[in-house]
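The values are calculated or read from the model by the stated rules, or taken from the named source; none is laboratory data. What you see is a predicted model, and the numbers here were worked out from it, not measured in a lab. Cβ atoms come from the backbone with ideal geometry, glycine included; neighbour counts cover every protein chain shown. Side chains included, ligands, DNA and RNA excluded: accessible areas come from the protein's heavy atoms. Shrake-Rupley method; radii C 1.70, N 1.55, O 1.52, S 1.80 Å.
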Amino acid sequence: MTLQSILLQAQQGSGWSGMLMIVAMIVIFYFFMIRPQSKKQKEIKKAREAMQKGDKVVTAGGIFGTIKSINDTEGTINMEVAQNVTIKVSKDQVFPVIEAASGKSEK
């Protein structure tokens, strides 16, 4: 074996290990970032579809209110933010409010 053939074999071996590392990084990226995010998006979509009149919600901007009506054709929600104060927001920008556990006592 010549020095040139030994160097060529070493370079080919490192090429495969480099390719394997790239594939491993893509798999890790998928399972730790992409997959959980898509699951979360599906849960949010399901929660938005289940919203109905009277549900407490919060907008992406942080405005809390109660749903007064839902217009599925326009994709909007009319929500009451104060007594006799109603605003119209995009359904995509509204999230259900998770209520505090009922067993906790308030101070």
Pair ILE22, LYS46: separation of 7 Å Cα→Cβ label points (nm): 3.7
For the stretch 13-76: accessible area per residue (Å², 1.4 Å): 80
Protection-proxy order for peptides 75-81, 33-39, each taking the mean of Cβ atoms within 10 Å per residue, highest first: 75-81, 33-39
Cross-link reach list, lysines versus LYS68, counting only Cα pairs under 21 Å and skipping chain neighbours closer than eight places: LYS45, LYS46, LYS53, LYS56, LYS88, LYS91
